[in-house]
Structures are given as C-alpha cells and as structure tokens.
Amino acid sequence: MTVDALTDVPGLRVGHATRTGDGWLTGTTVVLAPEGGAVAAVDVRGGGPGTKETDALDPRNLVQKVEAIVLTGGSAYGLDAASGVMAWLEEQGRGVRVGADPAHVVPVVPAACVFDLGRGGDFRARPDAATGRAAVEAAAASEPGAPVREGCVGAGTGAAVGPVKGGIGTASTILDSGITVAALVVANAVGSALDPETGVLYGELFQGRVDYPQARVHEAAGRRLAETTAKNAPPPLNTTLAVVATDARLSKAQAQKLAGTAHDGIARAVRPVHLLHDGDTVFALSTGEHPLDPDHPLALNPLLAAGADTLTRAIVRAVRAAESVDGPGGAWPSYRELYGDGKTGGDGKTGGDGKAGGDGELGGGRRPAGER
C-alpha cells in the first residue's frame, strides 16, 4: 500500500521537530536513509543558498552515500540542527568509516535551510542541535512506509509562499516499470503559488482540468491578501527546499541530473523562482533497489519527468495543507482560508484558526520534541 509520500520509497523515513509559541515559529525535518545510506546528489539554483556538506555530493568527490538529509528553518543559524543529527548517527555507528574501530565513523549529513527568522516574533528563536536530534529520533521511531505529516510542521512551520502560508508537502509516483519516484518539499518562496488573475494554484494547471474559484471569492481573497501583505512588509527572504527520491539504482551523476530536472517542478508551481534572495535547493536520493535497463540509454528519462511532476504536486499539497498564522512576526493566511476547497469556498471556516502550525505543544523555551 502506498501513502503518496516520500516514504513510498522503501527504507526512507521522515521525522519532524516543531517549535511554536512564545516567539517560536520554526522547526526541522530529517529524511533518514536506510542503514548503509543512499546515493545522494544536489542541485542549487537559488542565488542566496544556506547549505552544509553539499560539496561532498559532487559526483567527482569521494563520498558515495549519505545517511540523512536535513531541511531546517532558522536560516544559516538553523544549520546547527545537522550537528544533532550527526551526533545521533555516530551513536548508531552510521557514517563514513575512517578507522579500524567500527565506531570510528564520520556521518556526512547534507543540510539546507529556509529563511523564517522572526516569523514567530523572536528573531533568535531558531533550530539548534537539539531540534535536529529530535527530528532524526522521530524519523527513526516511525514505521516504514508511514504517512508523512504535511503543512505547518518541521521545517515548514514558519514557511510562506508569497503572500500565503507555506509548509511541508509530499507526493509519490509509481512508473510503469514499477520504479517509485517521490518528493518532499519545504514550500517557502518569494514568488507566489497563486495566479493573480484567478486565484488558482499554478501547480494545478499541470494536473488536468482546474476548478476556478468564484469571482466573489477571489475578490475577497485579494482584499485579505492586500491587508496581510502590508503588515508583512518589507518582503522577507525565502527559499524552497526539496528531496526527490527513487528506489531506482542511480549513480551520483544520474542522481544529480534528477535533482536538476526536479527544479522544473518548482518553476511550474511558483513564479518567479531562483532569484538572488532565494536559496532554492533540491537533493536527490537513490536507494538502489531497481536497476535501470542497461540496454536502454534513455532509461533515466521517465524518472526525470516524474521527479519534476511529483515535486509540482508536492508544492500544491504543501500550500493546501498549510494553516493560517497571524502573530507578532507577521500574518499569512492559508489558501484554505482564502479559497476553501478551491471551488466555492473562502468563507474562512475551512482555513486556519489563526494559530501557529504544528500541534502547539513545543512552544516557549521548552526542549523540542520529535513528531511524525
């Protein structure tokens, strides 16, 4: 049974750690690979990236597999979350072996961050090593193939997409060959996911027939967005992060190609993208269960197409799953609050409740706890 999530790739697990309340609106998400690691690559398109250990993923370099990928809030400060993941992996003996003793390992943990500083009201409220550890422990404790929580959770807690609330989204595709391609995204973009003329989500224009919001609903949404956009000025810095994964057996070079073409999925769902103040970054993971047909030189093509399409769908799901936020750090209405189900909604009854995302149990100065 599939759950239409990154965890449909066998062996991959996802864990979130979320902090909300008392100035907090941020978190960390960890994608944990099967023990022994997964082939990994990365493609960075944004002009203002915040990353860690991405050079190790260059196909020309030594490291072939990684044990985890970290996506985090907190801008560059939040990259400290990767230290907590490294510490946990070391305790498990997972990483690059560097000595005769099996305990002598160096976990290579690539990480990337989104800008959400101050969105909960406290500029200094950002993920740290404890947050990263909570997220990886949540991933390790989850069941294989379990659903992944979406919306205002983990690294998507403080995310915004243009004038509306962003968050975590995920989706998967099974090809005719039986190969699975899946994506998980932190939708947090300067650009908008909404067509300004109609209010329809750009990403849904690529998914078949679209039900356009009623004119009165779109007009009301426009007035609401004008109010919140003024409250949030000046426009914040942003970044969209994603992990695209497959159970196909890929080389690092092939995985890097998958990460690169997956950026097309962002471009279909958000406009504009890859600006100087974006840090748009896509990681690719290959668990290697299904070899590609060696007699078919273009066997990678269906995966490349599916990676972009699945990432577009994940962004749509992130925006639709998000909940409204209206607090000391700014106001971002959810798409559901503005447009309901995208057809005749927009009465404010199906959207967010004005509270921060997540379950609200990790606020204040408490130590963050992992959640699934």
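The values are calculated or read from the model by the stated rules, or taken from the named source; none is laboratory data. Please read all numbers here as calculations on a predicted model, not as lab measurements. Neighbour counts are summed over all protein chains in view; Cβ atoms, including those assigned to glycine, are modelled from backbone coordinates with ideal geometry. Ligands, DNA and RNA are stripped out before the accessible areas are found, and what is left, the full protein with its side chains, is counted by its heavy atoms. Shrake-Rupley method; radii C 1.70, N 1.55, O 1.52, S 1.80 Å.
Condition check: surrounded by fewer than 21 Cβ atoms within 10 Å (Cβ to Cβ), of a type in the set (D, E, K, R) and assigned to a helix (DSSP H, G or I). Does E197 satisfy that?
Numbers: surrounded by fewer than 21 Cβ atoms within 10 Å (Cβ to Cβ): yes; of a type in the set (D, E, K, R): yes; assigned to a helix (DSSP H, G or I): no.
Against the criterion (surrounded by fewer than 21 Cβ atoms within 10 Å (Cβ to Cβ), of a type in the set (D, E, K, R) and assigned to a helix (DSSP H, G or I)), E197 does not qualify.
Go through region 227-259 and report how many residues are of a type in the set (G, A, S), over 16 Å from the mean Cα position of the chain (by Cα) and either open to solvent by less than 10 Å² (accessible area, probe 1.4 Å) or at pLDDT below 95 (or both).
Of the residues in that region, 4 qualify.
Within region 303-361, take every residue that is among the basic types (K, R) and at pLDDT 95 or above and give me the one that is nearest to D176 (Cα to Cα).
R313
In region 200-220, how many residues are crowded, with 20+ Cβ neighbours inside 10 Å and either of a type in the set (V, I, T) or within 26 Å of the chain's Cα centre (by Cα) (or both)?
5
Could you say whether any residue in region 20-28 is open to solvent by 50 Å² or more (accessible area, probe 1.4 Å) and at negative phi?
no
Sort through A159, A130 and tell me the only one that's over 30 Å from D293 (Cα atoms), modelled with pLDDT of 95 or more and open to solvent by less than 10 Å² (accessible area, probe 1.4 Å).
A159
Say whether the condition of being surrounded by fewer than 24 Cβ atoms within 10 Å (Cβ to Cβ), touching a helix residue (DSSP H, G or I) at 6+ places or on another chain (Cβ under 6 Å) and among the basic types (K, R) is met by at least one residue in region 35-50.
yes
So is D278 in contact (Cβ under 8 Å) with a residue 24 or more places away in the chain, open to solvent by less than 70 Å² (accessible area, probe 1.4 Å) and within 22 Å of P110 (Cβ to Cβ) or not?
Numbers: in contact (Cβ under 8 Å) with a residue 24 or more places away in the chain: yes; open to solvent by less than 70 Å² (accessible area, probe 1.4 Å): yes; within 22 Å of P110 (Cβ to Cβ): yes.
So D278 passes the test.
If I ask for residues that are touching a strand residue (DSSP E or B) at 6+ places or on another chain (Cβ under 7 Å) and β-branched (V, I, T), which ones from region 273-299 would you list?
Passing the criteria: T281, V282, T287.
In region 95-118, which residues are in contact with a helix residue (DSSP H, G or I) (Cβ under 9 Å, 6 or more places away or on another chain) and part of a loop (DSSP other than H, G, I, E, B)?
G95, A103, P107, V108, V109, P110, V114, F115, D116, L117 - these are the residues of region 95-118 that are in contact with a helix residue (DSSP H, G or I) (Cβ under 9 Å, 6 or more places away or on another chain) and part of a loop (DSSP other than H, G, I, E, B).
Only residues that are of a type outside the set (G, A, S) and closer than 13 Å to L71 by Cα: list them for region 109-125, please.
Applying the first criterion (of a type outside the set (G, A, S)) to region 109-125 yields 109-110, 113-117, 119, 122-124.
V109, P110, C113, V114, F115, D116, listed by residue number.
Scanning for something open to solvent by 30 Å² or more (accessible area, probe 1.4 Å), part of a loop (DSSP other than H, G, I, E, B) and either without any contact (Cβ under 8 Å) to a residue 60 or more places away in the chain or small (G, A, S) (or both), does region 61-72 turn up at least one residue?
Checked region 61-72: at least one residue is open to solvent by 30 Å² or more (accessible area, probe 1.4 Å), part of a loop (DSSP other than H, G, I, E, B) and either without any contact (Cβ under 8 Å) to a residue 60 or more places away in the chain or small (G, A, S) (or both).
Of all residues in region 230-254, count the ones that are part of a loop (DSSP other than H, G, I, E, B), over 27 Å from D326 (Cα atoms) and of a type in the set (S, T, Y).
Of the residues in region 230-254, 1 are part of a loop (DSSP other than H, G, I, E, B), over 27 Å from D326 (Cα atoms) and of a type in the set (S, T, Y).
Please count how many residues of region 1-19 are under 21 Å from A248 (Cα atoms), aliphatic (A, V, I, L, M) and buried (at least 24 other Cβ atoms within 10 Å of the Cβ).
5
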